[in-house]
Structures are given as structure tokens and as C-alpha cells.
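Worksheet: the structure to be examined is printed underneath.
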Amino acid sequence: MLRALLISLIMGMTSVPAMAQDQAIDDFGDGADARWDYVADGVMGGVSTGSAVLGTIAGKQAIVLKGQVSTKNNGGFIQVRRMMSDGLPEGTEGLQLSVRGNSETYFVFIRTKEMTRPWYYYSAPFETLGDWRSIDLPLSSFSASHAHLKPVPDPSEVISVAFVAYGRDHDADLAVSELYAY
């Protein structure tokens, strides 16, 4: 009995708390079209064009952001965004994505409750290849768009997460099949 108690105690001390485990935010399955919205720079006068559609890409259910990003007329982005009414899961230290693309650089933008202007955000770049790959983006790797924002986004304050083609003239073709908090 003492041995069983010791084993139970040791196992309890070495287990990982539930909040530290990966938590799915989206797998782009049923209902994803209602959770994600396409937005382009036309909301501020830009001329970028594109779309975000759900589909099966190389065997994985995914959302695909595709279009032409143009910096003309003060533009320069297309994005697909999900509102997060409850923030990110407790204990989130970063985001993990499964992505595939056209070898361009894309971004994850996070917006938080502290942001008073639509052009405030936290961003982290990531590279794509022609094959699926997993990307880990620690919250500490996100850069604030303005100096008065906190240095690292608070997971409980997150109001949206977006995948963004941004900042330069280029063709966008990004597929995302999984989004996890870790």
C-alpha cells in the first residue's frame, strides 16, 4: 500500500497541468466558414483583392487565403480573421499553425482589448513552403505595432487572430489547416 501511495505521489508530481497542453483553436472543419471573415485593405481605400475559402488541400481541411496584395492607394493587406470572444485558452504561451503556401512570408496578427485604433496589432511573421509544415510562434515573438502597447500580448485579452498577407506587392496563396494554443 505504501508503494502504491509513493507511485501515485510521484506520478502526480510529474504530470503536466491541463492548461499547458496544446488546445485546438480551429481545425477548419464544420462551421469554420462562420468563424472566419475575409478582410482586405478596401476598408481604408486600398486596392488589394482576394478571397478566403475552405477546402481540402493536399489531404487536409484548410482555409485558403488567396489574392493580390497591392500597396497602391495606401493599401497593402488581405487577411482572414477570427474573433475570439473568450480570448485564448488560459496558460497560452504561443500559437502553433500547420501551413502551406507559395514560399512567401505571411503574418499572424493578434488584436487585444487594449487596442483603441484599428491599425494597432501584434504581429509575427512566418515562412511558407510548397508542403505542409508546422510553425510555432511564441507570444513573446510577436511585435507590437505601437510603443504604448504591452511588450507581449496577454492571452486573456485577445479579441482576434488573423492570417495576413501584408506590406508589399505580391501574390498571396496561403493555406492553414490547424491552429493550436500551447
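PRO125 meets each of the listed conditions (1) in contact (Cβ under 8 Å) with a residue 24 or more places away in the chain; (2) surrounded by fewer than 17 Cβ atoms within 10 Å (Cβ to Cβ); (3) part of a strand (DSSP E or B); (4) not basic (Lys, Arg) apart from (1). For the stretch 145-167, a residue qualifies if it is out of contact with any Lys or Arg (no Cβ under 7 Å at 6 or more places or on another chain), among the aliphatic types (A, V, I, L, M) and surrounded by 12 or more Cβ atoms within 10 Å (Cβ to Cβ), and the qualifying residues are LEU149, VAL152, VAL158, VAL164, ALA165.
The condition of being surrounded by 16 or more Cβ atoms within 10 Å (Cβ to Cβ), touching a helix residue (DSSP H, G or I) at 6+ places or on another chain (Cβ under 9 Å), at pLDDT 95 or above and farther than 14 Å from LEU179 by Cβ does not hold for VAL53.
Scanning the stretch 67-85 for residues that are more than 25 Å from ARG133 (Cβ to Cβ), modelled with pLDDT of 95 or more, in a loop (DSSP other than H, G, I, E, B) and of a type outside the set (S, T, N, Q) turns up just one, GLY76.
Of the set (1) assigned to a loop (DSSP other than H, G, I, E, B); (2) touching a residue at least 24 places away in the same chain (Cβ under 8 Å), all apply to SER98 but (1). Are any of the residues in the stretch 86-95 among the aliphatic types (A, V, I, L, M) and either closer than 16 Å to SER160 by Cα or at pLDDT below 95 (or both)? Yes; the residues of the stretch 86-95 include at least one that is among the aliphatic types (A, V, I, L, M) and either closer than 16 Å to SER160 by Cα or at pLDDT below 95 (or both).
The values are calculated or read from the model by the stated rules, or taken from the named source; none is laboratory data. Remember, predicted model here, so these are calculated numbers, not experimental data. Here Cβ is always computed from backbone atoms with ideal geometry, including for glycine, and neighbour counts include all displayed protein chains.
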